[in-house]
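One structure is given below, encoded as structure tokens.
The values are calculated or read from the model by the stated rules, or taken from the named source; none is laboratory data. Worth saying up front: this structure is predicted, and the values here are computed from it rather than measured. Glycine also receives a Cβ, built like all others from the backbone with ideal geometry; neighbour counts cover every protein chain displayed.
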Amino acid sequence: MDRMDDAPAYPVGLRLRGRRVVVIGGGQVAQRRLPALLTAGADIVVVSPQATASVEAMAAAGEVRWERRAYRPGDLAEAWYALVASTDPAANAAASAEAEERRVWCVRSDDADAATAWTPATGRTEGVTVAVLTGRDPRRSAAVRDAVVEGLRDGSLVAPRHRERTAGVALVGGGPGDPDLITVRGRRLLAEADVVIADRLGPRDLLDELPPHVEVIDAAKIPYGRAMAQEAINAALIEHAKAGKAVVRLKGGDPYVFGRGMEEAEALAAEGIAVTVVPGISSSISVPGAAGIPVTHRGVAHEFTVVSGHVAPDDARSLVDWAALARMRGTLVLLMAVERIGAIADTLIAGGRPAGTPVAVVQEGTTAAQRRVDATLSSVARVVAEEGVRPPAVVVVGDVVTVGRTAGPSRG
């Protein structure tokens, strides 16, 4: 067979569902290539005296048929595609020659120049298949593939959908504040949005990356200041979704952790609007971590409890069993508690939590403005006042606060 010249390969997507594919060899190359062929629905026959444990498991599960022998002429009969990847050069050459004779597209793992097809570096995300060929430079192919797939996933490579979309709303948890801590899916949905309704506590830096046509609505739920009523937020979500727009409700942390996400989901469901919930990294664990505090630690705390402090312990609206929390030995993480930290600390001490229990307050965690102040239960109210701590801040109560002191410098 003549060697391939330097003409570029013609890219094409093979539809292999139900079609015979023959793999010569059961080693590492076959192990890497088989999952994609299975995903394509191919009818796969592996011809090899030995196979890796993973290939053998695929055969045992009935995903592939394994002929436990060496290649022999005729194995490529009725095949649509062949992958030649054995450790026997003579068998590879013979199988490649048979593929040429039968006009079966053939990939050679040992000799790309002798192959009639090349396997591109392939990645998939949200229904898009990215396949990259750079001739005889597979590492560059993989690097380009990774860059494109990552760009599509995180929204830095914007490729909006142009087909008609079903009206709906995505409730996206933006994480604790650092724009790098939003999930890949959340960032992609932001890049595809027509309308973004954003909380102050969401990752605001991401809004600057949105294209000019995207309408940004500030939910303005600012403590001690103006607030957009929840009913108005619900109405805006419904209005824009019914107009056929892709709507993202960008929230701080996780939509369902003190985020009123379920209220919004219920309002949308009542109007027959599809809702997608994208979980986010909650500040209850990420902010302490960013400040060097583990919420659990071997031999120190085997549990942690997250509590909202938006109402005082003696408020009739409180649903928290503060007496039970005071008796617990684990870590207590308080959100929205700065304004009422004095009453909360007094209640915990009265319930039996030692007055000297370490406390850390982390303001604007994970952002460039992050700062941490340390105190005890008996002194935390005074320290917060003296230091001028303002929301958003996370309060951590427990011995893990001192463990974290030796774990490295905190941010800010």
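Brief remarks follow.
- Among the candidates D137, D75, residue that is in contact with a strand residue (DSSP E or B) (Cβ under 6 Å, 6 or more places away or on another chain) and without any contact (Cβ under 8 Å) to a residue 60 or more places away in the chain: D75
- Any pair with Cβ under 6 angstrom, 6 or more apart, that starts in region 27-50 at a residue that is within 14 Å of T87 (Cβ to Cβ) and ends at one that is assigned to a helix (DSSP H, G or I): A30/V55; Q31/S54; Q31/V55
- In the set V338, V380, only one residue is touching a residue at least 24 places away in the same chain (Cβ under 8 Å) and under 26 Å from G202 (Cα atoms); that residue is V338.
- Candidates R200, R188 - the one that is of a type in the set (K, R), in a helix (DSSP H, G or I) and out of contact with any Phe, Trp or Tyr (no Cβ under 7 Å at 6 or more places or on another chain): R188
- Scope region 47-67; condition surrounded by fewer than 18 Cβ atoms within 10 Å (Cβ to Cβ), in contact with a helix residue (DSSP H, G or I) (Cβ under 9 Å, 6 or more places away or on another chain) and either of a type in the set (D, E, K, R) or closer than 24 Å to A114 by Cα (or both); matching residues: E63, R65
- Only one of the numbered conditions (1) in contact (Cβ under 8 Å) with a residue 24 or more places away in the chain; (2) touching a Phe, Trp or Tyr at 6+ places or on another chain (Cβ under 6 Å) is violated by T125, and that is (2).
- Qualifying residues in region 149-178 (those that are outside any loop (DSSP other than H, G, I, E, B) and at pLDDT 90 or above) - the one surrounded by the fewest Cβ atoms within 10 Å (Cβ to Cβ): A170
- So T366, is it modelled with pLDDT under 95, buried (at least 20 other Cβ atoms within 10 Å of the Cβ) and β-branched (V, I, T): yes
- Scan region 242-283 for residues that are part of a helix (DSSP H, G or I) and surrounded by 23 or more Cβ atoms within 10 Å (Cβ to Cβ) and the total you get is 2.
- Qualifying residue in region 180-191 (condition: in contact (Cβ under 8 Å) with a residue 40 or more places away in the chain, farther than 20 Å from T367 by Cα, among the small types (G, A, S) and not assigned by TED's automatic domain parsing to the domain that holds T367): no
- Subset of region 349-370 that is under 27 Å from the mean Cα position of the chain (by Cα) and without any contact (Cβ under 8 Å) to a residue 60 or more places away in the chain - its residue that is nearest to G292 (Cα to Cα): Q363
- Within region 111-148, considering residues that are at pLDDT below 80 and among the basic types (K, R), the one surrounded by the fewest Cβ atoms within 10 Å (Cβ to Cβ): R136
- Leading residue by the ranking (surrounded by the fewest Cβ atoms within 10 Å (Cβ to Cβ)) among those in region 197-229 that are at pLDDT 85 or above and either over 27 Å from E364 (Cβ atoms) or over 24 Å from the mean Cα position of the chain (by Cα) (or both): H213
- Top-ranked residue of region 330-348 - restricted to ones that are surrounded by fewer than 19 Cβ atoms within 10 Å (Cβ to Cβ) and either within 33 Å of the chain's Cα centre (by Cα) or hydroxyl-bearing (S, T, Y) (or both), ranked as farthest from P294 (Cα to Cα): M336
- Residues of region 328-363 satisfying the condition of being among the basic types (K, R) and modelled with pLDDT of 95 or more: R340, R353
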